[in-house]
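This report concerns only the one structure given below.
Rule-based calculations on the coordinates, nothing more; no lab input. Just so it is clear, the model here is predicted, and its values are computed rather than measured. Virtual Cβ from ideal backbone geometry, glycine too; neighbours counted across all protein chains shown.
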2 protein chains.
Amino acid sequence: MSICEQYYPEEPTKPTVKTESIPGPESQKQLKELGEVFDTRPAYFLADYEKSLGNYITDVDGNTYLDLYAQISSIALGYNNPALIKAAQSPEMIRALVDRPALGNFPSKDLDKILKQILKSAPKGQDHVWSGLSGADANELAFKAAFIYYRAKQRGYDADFSEKENLSVMDNDAPGAPHLAVLSFKRAFHGRLFASGSTTCSKPIHKLDFPAFHWPHAEYPSYQYPLDENSDANRKEDDHCLAIVEELIKTWSIPVAALIIEPIQSEGGDNHASKYFLQKLRDITLKYNVVYIIDEVQTGVGATGKLWCHEYADIQPPVDLVTFSKKFQSAGYFFHDPKFIPNKPYRQFNTWCGEPARMIIAGAIGQEISDKKLTEQCSRVGDYLFKKLEGLQKKYPENFQNLRGKGRGTFIAWDLPTGEKRDLLLKKLKLNGCNVGGCAVHAVRLRPSLTFEEKHADIFIEALAKSVNEL
Amino acid sequence: MSICEQYYPEEPTKPTVKTESIPGPESQKQLKELGEVFDTRPAYFLADYEKSLGNYITDVDGNTYLDLYAQISSIALGYNNPALIKAAQSPEMIRALVDRPALGNFPSKDLDKILKQILKSAPKGQDHVWSGLSGADANELAFKAAFIYYRAKQRGYDADFSEKENLSVMDNDAPGAPHLAVLSFKRAFHGRLFASGSTTCSKPIHKLDFPAFHWPHAEYPSYQYPLDENSDANRKEDDHCLAIVEELIKTWSIPVAALIIEPIQSEGGDNHASKYFLQKLRDITLKYNVVYIIDEVQTGVGATGKLWCHEYADIQPPVDLVTFSKKFQSAGYFFHDPKFIPNKPYRQFNTWCGEPARMIIAGAIGQEISDKKLTEQCSRVGDYLFKKLEGLQKKYPENFQNLRGKGRGTFIAWDLPTGEKRDLLLKKLKLNGCNVGGCAVHAVRLRPSLTFEEKHADIFIEALAKSVNEL
């Protein structure tokens with residue numbers, strides 16, 4: 001019995017689409033009502049999570065889709081996973097929900113076990129964790145850790161603040177509120193709050209009208225595919241981008257305290273960074289005393305075939321901070337150097353210091369991935385799926401440009417010739433029973449949960465071939 | 001039977017402190033172990049939420065304290081409240097926990113009911129809500145709404161972005177990323193992310209080493225107490241501070257798009273703003289086209305004797321945005337003008353768009369407060385408590401300076417002569433069975449849950465008298 005069959009003996013055997021358009025009439029009716037109190041303009045349909053199961057999401061019209069988008073890459077183990085239901089019904093969960101603690105001041109006796117369970121899923125080389133609430137929050141907490149560390153290296157870890165710092169910070173002025181920057185990359189997505197938003201650089205709509213920090217964006221490599229046939233050109237591209245990073249660190253008007261990068265830029269188009277590039281960034285960050293942050297918010301938790309995507313690059317020495325959220329449900333950052341713990345309490349602090357209810361879910365997800373060897377399964381299924389896609393690519397090369405993600409589990413994407421064609425393909429896919437997302441301007445990104453198996457890949461490929469034919 | 005007896009027939013009748021110091025030996029032992037994976041330096045003790053009940057919190061040494069701090073003012077209905085346990089065990093909650101939706105793209109059929117339940121608790125004059133994850137997040141989402149609205153008023157609500165805006169924003173430059181400011185007040189606390197942190201101005205330790213926006217802080221009124229004996233002086237103080245606000249709006253180097261204020265500055269020392277002051281701010285914000293944001297993160301959800309503290313000021317026309325978190329468990333902002341809905345989708349957006357699990361809890365809390373008339377009870381108990389405190393003030397005037405919060409439910413505070421004396425009083429209170437928090441440098445703040453009744457006030461007053469005597 002496959003793992004999916006173990007979890008979901010009642011999982012549908014195929015998608016069912018009953019309505020002629022999506023959202024269907026019942027979705028439209030209920031979305032209109034919901035629209036009185038909620039911004040429903042981005043809604044694909046109104047979901048019925050009670051009826052959704054495993055790899056299938058159901059809407060209120062009774063349409064059931066094979067889900068390769070999984071709540072914008074945020075469902076790790078399928079819908080209504082029995083192991084998570086068990087965690088959700090545990091006494092620890094009830095307490096976490098009704099007696100939400102201010103963890104910093106009044107940590108609970110449950111916390112030690114909860115955190116140690118989460119740390120079992122830490123990336124290689126990391127053994128501490130700090131908790132937040134979302135991907136953007138995780139990245140901004142990481143920025144705070146980086147700024148504190150960066151200034152501590154300049155000032156001395158145990159040195160006290162000067163009177164000038166204590167006074168100026170209350171006016172939002174230097175030296176207490178120093179002019180320091182986080183370097184990120186063009187096409188990056190690190191969240192939509194103000195500091196995370198200043199590092200995000202994928203689409204204007206995410207950022208327009210918001211004040212931003214004057215922080216730099218370097219070039220992220222743009223590779224030629226397939227990778228194994230273009231290694232010389234891609235190495236040149238890496239070196240070109242690395243030179244820009246180094247130049248920006250040396251010349252930007254504000255000192256660069258930290259660098260943040262996604263190992264695969266997801267929202268920005270599924271752009272991959274090579275092992276070479278990620279390692280060279282480690283060398284540069286060490287050379288210039290810049291904190292190295294890897295954003296695994298979308299790439300983390302198994303979908304690339306490793307628990308954390310940057311483990312493919314085996315960066316040495318390990319990076320400083322690794323942020324997570326989405327499929328882990330809980331958010332925060334991992335680190336290993338105790339010097340990233342601020343020299344005084346109440347510097348990295350807030351009322352809740354994380355969300356124990358979501359930490360319990362994260363622990364259960366990590367345990368299931370480990371027990372059921374789901375990263376290995378994802379690698380296997382990803383390879384199977386990629387081969388099938390290469391088959392389609394041969395048949396329809398124009399509609400499968402830059403097919404990428406080989407050897408990266410089910411974390412696969414390709415480009416259509418235009419955004420209009422991509423949008424049309426996603427629409428046809430839905431009508432043919434598959435819920436799939438796009439990224440950047442004209443890319444399709446596959447983000448099924450880790451319970452996606454070969455049989456689901458077959459159903460998807462059939463629907464995809466049909467949909468491409470209909471373009 | 002009192003409401004507390006209905007909720008908690010087994011609630012302890014008095015505190016029990018078994019250890020000679022706090023944290024006790026078992027707390028110390030377990031905190032040391034937890035310290036390997038968590039910053040335990042700010043911990044008061046290690047809490048046992050399984051054994052905590054109603055107004056009493058228990059630690060792992062078996063000490064049971066009457067809790068007047070309630071997780072930094074974040075527990076609305078006491079520990080292990082049966083109505084919240086019921087909500088936590090509901091099928092909607094299980095779904096919210098295991099199938100966490102990306103609400104913007106895939107809203108659930110449960111969402112309409114959940115949001116309408118939350119809106120039953122909206123402040124007078126507000127009838128829309130936008131959801132976030134924490135107080136800091138709520139404030140930053142409100143800033144985003146304010147910036148979008150402010151620019152839309154300049155540009156035209158339906159006008160499109162210029163090419164120059166679309167290009168410059170990707171470099172974090174104006175005009176796409178405009179130079180705009182949020183005006184806040186000295187001693188304010190609005191959170192610790194980067195934009196919210198730029199409006200926070202209570203203690204250097206919250207902000208040191210973090211880059212900040214160059215945003216202004218006006219003077220928040222400092223009143224003389226008791227208020228009814230100092231109305232002339234306090235009116236002058238209001239006018240003095242209002243003039244500073246107006247001057248800053250007129251002269252600050254960056255245009256002020258929004259103003260944010262707590263009706264009672266909580267973290268900053270329980271500083272109250274008068275009805276007159278809050279209304280005049282409405283007049284000024286209308287005159288200068290500034291968005292008016294009330295931060296009810298700590299003052300909201302009943303503890304002042306009204307559901308939302310600023311309702312005492314009956315501000316006309318109603319303010320633009322009201323943020324909430326803490327005792328509501330869910331976070332976000334209320335508003336009433338549909339123009340605060342951005343002209344395009346995906347501008348106020350993120351993966352989760354809030355946390356349905358916490359929204360369900362918020363709805364249950366609002367329902368209980370309404371059903372059990374808990375704001376009225378809080379007013380009554382607050383008046384009772386305040387009179388008792390006035391009695392102690394007469395006896396120990398030096399240790400009860402600026403007693404404040406009369407007619408504001410249990411949201412009461414006073415000053416000790418020094419921070420050392422305040423800290424000592426809090427320590428003695430704990431040893432005498434009461435968990436109480438401080439704020440600013442030398443204030444004591446009372447923040448019991450809404451289930452705090454006269455009998456609890458009596459126990460507290462007795463412990464307080466004893467503790468003050470021991471100073």
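Assorted remarks:
- Degrees, to the nearest 10: A:374-395 long Cα axis against longest axis of chain A: 60
- Between B:LYS120 and A:GLU229, the FRET efficiency from the beta-carbon distance, with R0 = 45 Å, is close to 0.15.
- Debye, to nearest 20: dipole size of the stretch A:100-353, +1 on Lys, Arg Cβ, -1 on Asp, Glu Cβ: 620
- Candidate lysines - alpha carbon under 29 Å from A:LYS394, same-chain residues fewer than 8 apart omitted: A:LYS14, A:LYS236, A:LYS275, A:LYS306, A:LYS406, A:LYS421, A:LYS427, A:LYS428, A:LYS430, A:LYS455, A:LYS466
- Projecting 7 Å from Cα along the Cα-to-Cβ direction, the label point of B:PRO345 sits 4.7 nm from its equivalents in the other copies, listed shortest first.
- Comment: the Cα-to-Cβ extended label point of A:TRP252, at 7 Å, lies 2.6 nm from its counterparts in the other copies, nearest first.
- Proximal charge balance of A:LYS124 [Cβ under 13 Å; K/R count +1, D/E count -1]: -2
- Prolate/oblate/rounded call for the protein assembly as shown, Cα gyration tensor, a/c under 1.5 rounded: prolate
- Surrounding net charge for A:LYS306, when Lys and Arg each add one and Asp and Glu each subtract one, Cβ distance under 11 Å: -2
- Karplus-based coupling profile of the stretch B:324-336, in residue order and whole Hz: 8, 5, 6, 5, 7, 6, 7, 9, x, 9, 9, 7, 10, with θ = phi - 60° in 6.51 cos²θ - 1.76 cosθ + 1.60 and x standing for Gly or Pro.
- In degrees, nearest ten, helix A:135-155 long axis to first principal axis of chain A (Cα): 20
- Centre separation in Å (Cα based) which lies between the stretch A:445-467 and the stretch A:281-340: 29
- Residue-by-residue Karplus 3J(HN,Hα) for the stretch B:347-357, coefficients 6.51, -1.76, 1.60, Hz, glycine and proline x: 8, 9, 7, 6, 4, 9, 6, x, 10, x, 4
- Ascending count of other beta-carbon atoms within 10 Å, so fewest first, for B:ARG155, A:ARG408: B:ARG155, A:ARG408
- Taking a point 7 Å out from the Cα of B:TYR288 in the direction of its Cβ, none of the residues of the stretch B:140-166 has a backbone N less than 13 Å from it.
- Taking the C-alpha atoms of chain B, convex hull volume expressed per residue in Å³: 155
- Mean residue ellipticity, 222 nm, helices only, the protein assembly as shown: the sum of -39500 (n - 2.57) across DSSP H runs of n ≥ 4, divided by residue count and rounded to 500, is -11500 deg cm²/dmol.
- Nonlocal amide H pairs with A:VAL291, under 5 Å, H built at 1.01 Å: A:ALA258, A:LEU259
- Footprinting exposure proxy ranking of B:ARG404, B:ARG282, fewest other C-beta atoms within 10 angstrom first, gives B:ARG282, B:ARG404.
- Label 7 Å beyond Cα on the Cβ vector: B:LEU167 copy-to-copy distances, nm: 4.4
- Other residues whose C-beta falls under 14 angstrom from the C-beta of B:TYR220 contribute a net charge of -4, scoring Lys and Arg +1 and Asp and Glu -1.
- Computed from backbone phi, the HN-Hα couplings of the stretch A:406-411 come to 4, x, 10, x, 8, 7 Hz, rounded to whole numbers (Karplus: 6.51 cos²θ - 1.76 cosθ + 1.60, θ = phi - 60°; Gly and Pro given as x).
- Seen through its C-alpha gyration tensor, with square-root eigenvalues sorted a ≥ b ≥ c, the stretch A:100-353 comes out oblate because a/c lies at 1.5 or above while a/b is not bigger than b/c.
- Taking the C-alpha atoms only, the angle from helix A:454-470 to the longest principal axis of chain A is near 80 degrees.
- Residues A:GLU33, B:GLU140 arranged by fewest to most Cβ contacts within 10 Å: A:GLU33, B:GLU140
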